Amino acid sequence: MTRRIVVLDDTADSLLARIQAVRSAGDVPLVADARWPAAQRASVDALARTAEPPAGAAWATLTSGSSGTARVVVRTEESWARSFAAVSALLDAGAEPVVALPAPASSSLTLFSLAHALAGGPRPALPGDDAGLAAATAFHGTPHALRTLLERGALPRVRTALVGGSHLDQQVRELAESRGIRVVAYYGAAELSFVAVDDGTGLRPFPGVGVDVREGQVWVRSPYAALGYLGDPGPLRTDGPWATVGDLAELRDGALTLRGRADGAIISASATVIPEEVEAHLRGLPGVRDAVVFGYPAGGVGALVAAVVEPAAGRAPVSAGLLRATAASGMSPSHRPRIWFTGDLPRTAAGKPARAEAVRRALAGEVRRVAG
């Protein structure tokens with residue numbers, strides 16, 4: 001029997017049962033997001049009809065598209081199941097475990113938790129399930145979602161937060177810990193699953209994962225890696241038992257420090273600027289909630305470093321003069337943004353900044369450019 005990719009609507013009602021029915025029939029579930037544009041849904045449906053999943057495929061997810069390109073990642077059942085015991089230990093969700101899952105079921109981190117639930121893990125509380133959120137004893141989602149829910153007071157019983165998908169600001173960690181929540185951040189990718197975890201003392205390899213840094217890029221030897229892609233290829237590369245998606249990092253004394261994606265570097269004059277490094281500094285500035293840094297085309301120098309800054313909740317936009325002054329105190333001249341924009345950042349369904357869309361809006365003049 002030929003396995004099929006079966007696309008499911010993400011309505012919470014009976015979603016687990018519908019996923020289980022697809023798997024019981026020997027097919028591969030892929031959960032759609034009701035907010036997808038019609039063209040995106042049509043392209044995913046067409047790919048599901050025509051693509052033949054590789055041998056052993058049991059799960060399919062769409063990557064977040066934060067870089068502008070969404071891809072379908074396929075993986076075996078074991079590639080997630082082998083990590084369930086370690087994740088259960090990290091969540092420490094109690095006798096009647098419920099895990100808050102604010103990202104839609106189409107995201108890989110939420111679908112992982114649904115797979116975990118089908119194997120006896122914590123009961124999921126999906127978006128829109130206010131009663132489930134109130135009962136949740138654990139959380140699995142992005143830093144943005146954690147901060148939003150904490151600011152709403154929506155997680156009264158949560159005692160452990162497993163946070164991935166993007167950089168975790170120290171402010172968010174401290175906010176959660178002030179509510180009595182133990183925070184465990186992790187680095188991973190849709191293609192690699194869990195790579196490293198950080199309980200506040202630095203990113204260390206996830207149980208069962210070997211980590212190496214080759215020419216500045218993270219390579220992993222892992223039982224949790226995906227099989228590959230359906231349709232267009234992506235950044236996943238392999239070398240024997242090792243795999244990478246091109247993330248940049250340093251490895252010192254067993255701790256991993258991430259620097260960003262190699263394909264996102266900005267070449268400005270004679271300097272190579274990693275956007276994520278500048279963004280991490282900007283998030284620490286007063287009045288800044290989040291930021292996206294990119295290369296603004298500038299003729300002979302290649303690009304100027306530019307930033308779209310999202311003001312902190314309830315705060316007025318920060319002036320470019322103040323941003324320049326405060327940024328200058330902690331960054332080398334080559335890394336300081338020269339062009340500033342301000343406004344709410346677009347986000348992916350999982351809550352990560354939608355980098356490509358933020359850049360498009362800035363270049364198209366759709367967000368406010370601030371003068372010094």
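The values are calculated or read from the model by the stated rules, or taken from the named source; none is laboratory data. These figures come from a predicted structure and were not determined experimentally. In this analysis, Cβ positions are derived from the backbone assuming ideal geometry, glycine residues included, and neighbour counts consider all displayed protein chains. Areas reflect the complete protein model, heavy atoms only, side chains present, ligands, DNA and RNA absent. Shrake-Rupley method; radii C 1.70, N 1.55, O 1.52, S 1.80 Å.
So what are the ³J(HN,Hα) numbers for segment 172-185, from phi and the Karplus equation (6.51, -1.76, 1.60; θ = phi - 60°), rounded to whole Hz, Gly and Pro as x?
5, 4, 5, 4, 5, 5, 5, 9, x, 9, 7, 10, 10, 8
Which residues make up the longest stretch of the chain clear of GluC sites (Glu not before Pro) that lie in a DSSP loop with no more than 16 other Cβ atoms within 10 Å, not counting the sites? Intermediate results must be reported in sequence, preceding the final value.
Values: sites that count: 215, 366.
Counting only loop sites that pass the neighbour cut-off, the longest clear stretch is 1-214.
Calculate the dipole size of segment 71-182 relative to its Cα centre from +1 charges on Lys and Arg beta carbons and -1 charges on Asp and Glu beta carbons; express the result in debye to the nearest 20. Working shown, then result.
On the way: 11 positive and 10 negative charges, 20 e Å.
Magnitude of the dipole: close to 100 debye.
Quick check on segment 151-310: take the gyration tensor over C-alpha atoms, sort the square-rooted eigenvalues as a ≥ b ≥ c, and tell me if it's rounded (a/c under 1.5), prolate or oblate.
oblate
In Å and whole numbers, how far do the C-alpha atoms of segment 78-137 stretch along each principal axis, longest first?
31, 28, 16
Determine the sum of side-chain charges near residue 12: Lys and Arg each +1, Asp and Glu each -1, restricted to other residues whose C-beta is under 13 angstrom from that of residue 12. Don't skip to the answer; put the middle values down first.
Numbers: positive: 18, 123; negative: 9, 10, 13, 33, 129, 130.
After counting each charged neighbour, the total is -4.
Give me the angle, in degrees from 0 to 90, between the Cα long axis of helix 143-152 and the longest principal axis of the Cα atoms of the chain, rounded to the nearest 10.
Helix 143-152 sits at roughly 90 degrees to that axis.
Once amide H atoms are built 1.01 Å from N in the peptide plane, which residues 5 or more positions from residue 298, or in another chain, come under 5 Å H to H?
Amide H neighbours of residue 298: 303, 304.
Percent of accessible area on segment 137-206 owned by carbon and sulfur, 1.4 Å probe?
On the way: 1240 of 2590 Å².
Carbon plus sulfur share of accessible area: 48 percent.
With +1 assigned to the C-beta of every Lys and Arg and -1 to the C-beta of every Asp and Glu, and no other charges, what is the dipole magnitude of the chain about the Cα centre in debye, to the nearest 20?
580 debye
If you take the charge dipole of the chain about its Cα centre, with +1 on Lys and Arg Cβ and -1 on Asp and Glu Cβ, which of 206, 180, 356 is farthest toward its positive end?
Value: 356.
Could you give the length gained on full extension between residue 154 and residue 364, defined as 0.36 nm per residue of separation minus the Cα-Cα distance, in nm? Don't jump to the answer; show the numbers that get you there.
Details: separation 210, 0.36 × 210 = 75.60 nm, distance 3.67 nm.
Separation in residues times 0.36 nm, less the Cα-Cα distance, equals 71.9 nm.
Please get the size of the charge dipole for segment 138-257, origin at its Cα centre, with Cβ charges of +1 on Lys and Arg and -1 on Asp and Glu, quoted in debye to the nearest 20.
Details: 12 positive and 14 negative charges, 109 e Å.
About 520 debye.
So what is log10(I(q)/I(0)) for the chain at q = 0.08, 0.11 1/Å, when the Debye sum runs over its Cα atoms only?
Once normalised to I(0) and log-transformed, intensities are -0.41, -0.79.
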